Every structure is written in C-alpha cells, then in structure tokens.
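Structure, as structure tokens:
No value in this document is a laboratory result; all are computed from the given coordinates. Bear in mind the structure is a predicted one, so any value in this text is a computation, not a measurement. With ideal geometry, Cβ positions are generated from the backbone for all residues, glycine too; neighbour counts draw on all protein chains shown.
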Amino acid sequence: METKIWRVDPQAPDPALIAEAAQAILSGQLVAFPTETVYGLGANAFDRQAVKRIFTAKGRPAQDPLIVHLASEELLSQVAAEIPPLAERLIEHFWPGPLTLVLPKQARVLDEITAGLPTVAVRVPAHAVALGLLRAAGVPLVAPSANRFGHVSPTTAQHVLEDLGGLIEGILDGGATNVGVESTVLDLTCSPPRLLRPGGISLEALQAQIGEVLYKTQLANAGDVFTAQRSPGLLAKHYAPRAELWLFSGKKEQALEKMRQTAEQCSQSGRQVGVLVSDEDRDWFSDLPLVVYCLGSERWLDEMAKNLYTALRLLDQQGIELILAREVEASGLGLAIRDRLRRAASRVIE
Ligand code: TXA
Ligand code: MG
C-alpha cells in the first residue's frame, strides 16, 4: 500500500484535504495526524475492524489500551459513563490540551479500545488539524502515537513515514508538533487521582487545580501491581531509540564527571557514542570526539521536551550505538522528560 501524504497548514488546514482524510477514516482506513503533543494514528472509534488494524500496523499488544480523541468536551458523555466534579474542573482548565482523563466507560466503547478495562482514556487535542479531522469525521477517533510499538513517538510526518510508511493509508502532514512529548494521563476513577503518565500538562498544574494527585516515580517497575492493572501499556519498555541509552542520575557535577569518563572510555574502545545534553552541560564534552546533541537550555524545559524525540531519532540515523544522557530536574515538563528517558534507558547510573 502506498501511504498518501496530505500537506496542510497546521493553523488553517485546507477543508478539502481534511474532508478527504475524514472520508478515509469513515471507510475504515488508518490516517495519522498531528496533535499538539505527537502524531497520532487515527481510526474511527466505533469501527471494530479499524481499531483492530491499529494494533497490527503498530505491532502493539492488544492489552495496551487506546486514547479516544473528541472534537469537543460536549461529546464526552458518548464515551464516559460518569463525569466527576474533578473532571469538570480539569476539563475547564486544560481542554483542548495535552491532558488525558481516565473515566468509567460507556458500554458502547469497544473492548478492543480499553483492553477490557472498565475505564476509557479520553482527551480533546489542541491542534487545528486534529480538531478539523475530528469534526469532519463526526466520530471519536482512537489515536495512539503513530510509531511502531516501543519506538520513539513521532513529532513530524517524516517520523511517521519512517515507522509506518506502507502500512497505513495516509498522513496529514502539519509540520512539527509543539509539545513534543505525549499527553499527561490522569486516572480519575480512584481517590486521590493518580498520575499514570507525566506529559504535556505538569503535575504542579494539576495539583493547583484539584489538590492531591498521587504519583509514583517507580511506575515503570514490573512489580507495580497498581499500574499493571490500571494501565497495562505503561509497563513496557517504551519510547526507545535503537541505540542503547544510559542515563546518569544524581548530583549534577558527579553525574557529568561520570558521564564524561564513560563517554571517553566507550569511544576509545571503538563504540559510536553520542551525548544528549542541555546547553548548560555542553562544554563538558566539547573537547571529546563525540556526537553532541543539544536539547536546549534547562531553563526552558518545554524546549527540551519538544526536541527530545527528534534528537533520539537523529542519533539513531547517525549510527550512534550508545547514547549517554543526564537526568533533568523533575519539575514542570522535566518530569515527562525524565519518565521518557528512564523508559528508554537500559541502564540508570547513580
Ligand atoms: O499525546 C498523546 O496522548 C498521544 C496523542 C496522539 O494524542 N497519544 C498517545 O497514545 O500517546 P498512546 O497509545 O501511545 O498512549 C496511551 C497511553 C497508554 O500507555 C495506555 O496504557 C494509557 O494511555 N491508557 C489508555 N487507556 C487507558 C485506560 N483505560 N486506563 C489507563 N491507561 C490507559
Ligand atoms: Mg505511544
């Protein structure tokens, strides 16, 4: 199959092209589209065959549930059986936007979408192309990140093509996405609410609206029974480049010292080493014969988040075998960056 590309203006997409893509969706096809976070692989949420094809195209295990995307919050009762007051408050503040809410599901929501869970994850994306497609299709769309399962999420149409070219019918190309990491996933079916995946809306911003939110940084551990039951997809190793990634954690100076030594040793032994750094750390590596990729200043964590996945893909393309990175602070978008690097890492060095 040849994957069709519809190039559109991210702010004001051509309605004729959006209509074509919506038609493809309504005839059961898979169309990738940009959201404010990453590109999603869209299918009609009410079309069981199309939903199943998403898992095949991505190579995704069936027990990893999908997020339902809506054109507006007014449609929420189509998929959620209950909208608690906390949800209303969050929706008012953060929708459209990178916040996914886990709520009790309506019976009509397909089991393929929720992996048999009694809950559904749902959000309204803040992107003119995504919203245009949702409105034109007139149905909710399920849309996981448009990458092969376990790989780095796509932030450009080119990334989608690299992973899914020939496997899906089309891609709406609206340029690079803005946030660069996925939406925050918040479970509102328990009290206090639980952060299942840090993302585009910070934990602090959630707490400012609704008070206590539980977050366990060790969610990725296989022994975490809570997450295993609530959000099976979050346990797998994820967001990973092909290269091995080692993450340096702990005090800044010590971490940088170790990272530098490791970089030196590994490149001397003939490995292609790349380091992923902030502007502030860059000088530590400038005299070494390495590929140095700079994500931006630690003062602008949103900038670092936006560049993260492109950086991982570029390092892969340059033939890097080992990526060394240092853990950023956990505030704001830093928590999402941390989470993604932890999941991508084969070693965390303290
Ligand atoms: O930013 C995003 O959220 C992007 C864009 C395309 O919207 N989508 C995305 O989807 O990241 P995906 O499928 O890659 O990640 C969805 C995550 C999965 O890890 C899954 O486990 C969790 O949301 N999830 C989905 N339904 C759930 C549910 N009912 N309960 C708990 N977690 C759920
Ligand atoms: Mg994903």
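Descriptive notes on the structure:
- For the chain, built as a Gaussian network whose Cα springs stay under 10 Å, the top-fluctuating residue of G270, G175, G132: G270
- Phi angles across region 78-90 convert, under the Karplus curve 6.51 cos²θ - 1.76 cosθ + 1.60 with θ = phi - 60°, into 3J(HN,Hα) values of 5, 10, 9, 7, 8, 10, x, x, 4, 5, 4, 5, 5 Hz, Gly and Pro given as x.
- Nearby aspartates and glutamates by direct alpha-carbon distance to K251 (threshold 17 angstrom, same-chain neighbours under 8 apart not counted): E280, D281, E298, E327, E329, E350
- Listed residues S153, S202, S27, most fluctuating in the chain (Gaussian network, C-alpha, under 10 Å): S27
- Label-to-label distance, nm, for residues given as D9 and E264 (7 Å Cα→Cβ offset): 5.5 nm
- DSSP-assigned coil residues among GluC sites (Glu not before Pro) in region 10-91, each with at most 16 further Cβ atoms within 10 Å: E82
- Our estimate of slack between L75 and H93, defined as 0.36 nm per intervening residue step minus the Cα-Cα distance, is 4.8 nm.
- Within straight-line cross-link reach of K52, lysines at Cα separation under 20 Å, skipping those fewer than 8 residues along the same chain: K105
- Working from label points 7 Å from Cα in the Cα-to-Cβ sense, the R299 to Q209 distance is 2.9 nm.
- Residues whose placed amide H lies under 5 Å from that of T3, excluding near-sequence neighbours: G166
- If you run the Gaussian network model on the chain, springs between alpha carbon atoms under 10 Å, then out of I168, I91, I67 the most flexible one is I91.
- Loop-resident trypsin sites (Lys or Arg not before Pro) (DSSP state other than H, G, I, E or B) in region 73-182 with no more than 13 further Cβ atoms inside 10 Å of their Cβ: R108.
- Going by neighbour counts of Cβ atoms within 10 Å, the residues V109, V102, V292 line up, fewest first, as V292, V109, V102.
- Kirkwood-type hydrodynamic radius, the chain: 20.5 Å, calculated from all non-identical alpha-carbon pairs.
- For the chain, the share of DSSP beta bridges that are antiparallel, to the nearest 5, is 35%.
- 5 angstrom amide H check on V292, placed H, neighbours 5+ away: V275
- Neighbourhood charge, 10 Å Cβ-Cβ cut-off, centred on R338 and excluding it, Lys, Arg +1 and Asp, Glu -1: 0
- As a proxy for reagent exposure, Y293, Y239, Y39, Y309 were ordered by neighbouring Cβ count within 10 angstrom, fewest first; the result is Y293, Y239, Y309, Y39.
- Ranked list, fewest to most other Cβ atoms within 10 Å of each Cβ, for T100, T3, T56: T56, T3, T100
- Built amide H within the under 5 Å cut-off of G40, gap 5+: F33, T35, A146
- Here the Debye sum runs over all C-alpha atoms of region 84-164 as equal scatterers in vacuum, and log10 of I(q)/I(0) at q = 0.18, 0.23, 0.25 Å⁻¹ comes out as -0.99, -1.29, -1.30.
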